[in-house]
Structure formats: structure tokens, C-alpha cells
Amino acid sequence: MTITSLPNILRFGSISEPLWIEFDRRIGCHSMDTTHYHRSYEFFYLYSGERKFFIRDSVYPIQSGDLILVNTNDVHRTSELSQPNHERIVLHYDLPFFDGLSREETELLLSPFASAHPIIKLNLQERMQLEALFESLLRELHECPPGYQLHVRNTAVELLLFTARHVQRRKVQPGIELELTPVQQKITDIVRHINQHFREPLLLDDLAKRFFISKGHLSRVFKEVTGFGFSQYINITRIKEAELLLKETDWSITQISEHCGFENFSHFGKMFKELSGLPPRAYRKLEQHKNNG
């Protein structure tokens, strides 16, 4: 079986389960149109085509054969480059997936996600080894023989082990960020500024002056480079911090709103529900229920 004989869509699990797998063959232009960050660790492999991948505070051009590792709660987004068609497989690992493994084993399997460089460039031999694992996994998903779920879970572990050993043998290529264009580098600097100062007032006018760029140009290229609108990205960054504080502190919701940079409490509540799916109070209760088992 080759990948070309597979259907255009294959799925395993769901976003609420310990392991969730997506295979997609997309024809035509496609860009993610929703805010994207999640608790799970994301293992993204581009089979064919090319994409633009924004992650944390940088944008990377990726090509077929590239592996992208997205750490838990990292904001990220993909969009098209010059080639509209692409094929990709994505595995999402939530922490319960590693139940039953030792702490040392779990740390080894997750160690590649802590790298400062999220893009892994594989040589031809490594790419063939990785794609053999993917094709075995996808064949099981397509044919669903007895015990296929066990095979899929075991292969998902093998993929992480392959990657962890690869990272230990060869450092991820430094200098990938040097491929950024001057415009991309300026937007990267602005994103880093937002990440460091999101608790403070952040106005488009002020950042345009600070980084010597016109307001209109900044608004346009910020969206082009990151895939997010300027205000949208600030709200995402603030709400991510609010989610963390709701889970890990007993601060009042008003305190959290102010700490995260929201000057208007009703706006905070509206944005939190829009991005997290629940009002802040309900989100806190849900997380407390999860932690209490």
C-alpha cells in the first residue's frame, strides 16, 4: 500500500482522548481559520506540498519531509505558500497517553518538544524510516484489522522514540531562523514584544512607532506573516495566561482579568468564552473536576 491509495481523510480518536490522529490530503488553497493552541503535544509531518508554519513567535517555510513539533499550549497556525495542494499527518499526544510508562521514559519521548527549534529537517534515509512507520500506522487505520488500535498506539510511541533518538544524535539545524525575510524578522520581533508585555496596554499605533513601521503596513503584514490579526493575537496570548491562572491559582476572576491586561471585565469574559469555549467560572470548575478525578 502506498499513501496515494489512501482516502483523503483518515481519523483516529478525538481531541478529548489521549491520542488523536489526523491524515488529510487537501486539494486547493487551505489556511487554518481558527485560533489554535491546545494542551496536547502535536507531531506534524508534511508528506507533500509546502506550507507556512507560525509557531510561538516565528514563521517558518516548511516543505515535504519536514517534521514540526508543537509543544503544549504553543500558539501556532499554518497557511499556504505557492503550492496549494498538500498532504499531512498530525498526531496529538495528551499526557494520559503516557500513563504506564516510567517518568524517565516519558521525559525521553517528550524531550524533542522542548527544543528551541521546532522544525526537524530529515535526510532521505531518515525520511524513509519515518514514512515507513507512518504508512504502517495509516494502513491499520484504513483497514482496521483486529487489534489495530493497539498497533496504532505502539506505532505512535515508536514515532516519538525515533524522533527523540534523532534529536540526541544530531542537533536540530541551527540557523533555520536566519532564513526569515526582513519583514518576517520584524514581525517576529513584534510578536516577541507582545509575548513579553501582554499584561501592559498594547496599541497598534504604539508598536508601529516603536518598530518604525506604518500602522497600516503593520496591520497587514502581521496578518500575512502570522495568520492572526494584531488584536486577535494579543487576545489569544492574554487568554492563554488567564487559563493557566484559573487552573493554578485561587485568584478572583477580576484579578486574573486585570493581571492579563484586560481593562474591561466584560470584554475579558466575552473573549475568554470565544477562545476557550466556556465562561471563566465554568472553565475553572471543569479543570478542578478533572484534577479531583
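The values are calculated or read from the model by the stated rules, or taken from the named source; none is laboratory data. Since the model is a prediction, treat every value here as computed from it, not as a measurement. Neighbour counts run over all protein chains shown; Cβ positions are idealised from the backbone, glycine included. When the accessible area is computed, the model is the full protein with side chains, heavy atoms only, and any ligands, DNA or RNA have been set aside. Shrake-Rupley method; radii C 1.70, N 1.55, O 1.52, S 1.80 Å.
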Open item on the list: Show me the helices (runs of 4 or more DSSP H) found entirely inside region 214-293 where at least 3 residues are of a type in the set (Gly, Ala, Ser).
Closed with: 265-276
Task: region 188-213, residues that are open to solvent by less than 20 Å² (accessible area, probe 1.4 Å), modelled with pLDDT of 90 or more and not in a loop (DSSP other than H, G, I, E, B) - done: Ile190, Val191, Ile194, Leu207, Ala208
TODO: Residues being in contact with a helix residue (DSSP H, G or I) (Cβ under 8 Å, 6 or more places away or on another chain) and either open to solvent by 60 Å² or more (accessible area, probe 1.4 Å) or farther than 23 Å from Ile9 by Cβ (or both): count how many of those fall in region 137-152.
DONE: 1
- [ ] Looking for whichever is at pLDDT below 85, among the hydroxyl-bearing types (Ser, Thr, Tyr) and surrounded by 15 or more Cβ atoms within 10 Å (Cβ to Cβ) here; the options are Ser58, Ser48, Ser5. Which one fits?
- [x] Ser58
Open item on the list: Tell me yes or no: at least one residue of region 15-27 is within 14 Å of the chain's Cα centre (by Cα), among the basic types (Lys, Arg) and more than 21 Å from Glu158 (Cβ to Cβ).
Closed with: no
Open item on the list: Only one of Glu104, Glu131 is open to solvent by 10 Å² or more (accessible area, probe 1.4 Å), more than 12 Å from the chain's Cα centre (by Cα) and free of Cβ contacts under 8 Å to residues at least 12 places away in the same chain. Can you tell me which?
Closed with: Glu104
- [ ] Would you mind listing the strands (runs of 3 or more DSSP E) fully within region 1-120 where at least 2 residues are more than 29 Å from His151 (Cβ to Cβ)?
- [x] 50-55, 58-63, 76-80
- [ ] With the checklist (1) surrounded by fewer than 18 Cβ atoms within 10 Å (Cβ to Cβ); (2) in contact (Cβ under 8 Å) with a residue 12 or more places away in the chain; (3) over 21 Å from Gln196 (Cα atoms); (4) more than 24 Å from the chain's Cα centre (by Cα) in hand, flag the one item Ile253 doesn't pass.
- [x] (1)
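Could you list all residues from region 61-74 that are of a type in the set (Gly, Ala, Ser) and surrounded by fewer than 17 Cβ atoms within 10 Å (Cβ to Cβ)?
Ser64
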- [ ] Being over 26 Å from Gln129 (Cβ atoms) and surrounded by 18 or more Cβ atoms within 10 Å (Cβ to Cβ) is the filter; apply it to region 75-92 and report the residue that is modelled with the highest pLDDT.
- [x] Val75
- [ ] Note down all Cβ pairs under 6 Å where the first residue falls in region 71-93 and is within 21 Å of Leu141 (Cβ to Cβ), the second is outside any loop (DSSP other than H, G, I, E, B) and open to solvent by 50 Å² or more (accessible area, probe 1.4 Å), and they're at least six residues apart or on different chains.
- [x] His86/Arg26
Open item on the list: Out of everything in region 95-136 that is closer than 22 Å to Phe53 by Cα and of a type in the set (S, T, N, Q), what residue ends up being modelled with the highest pLDDT?
Closed with: Ser111
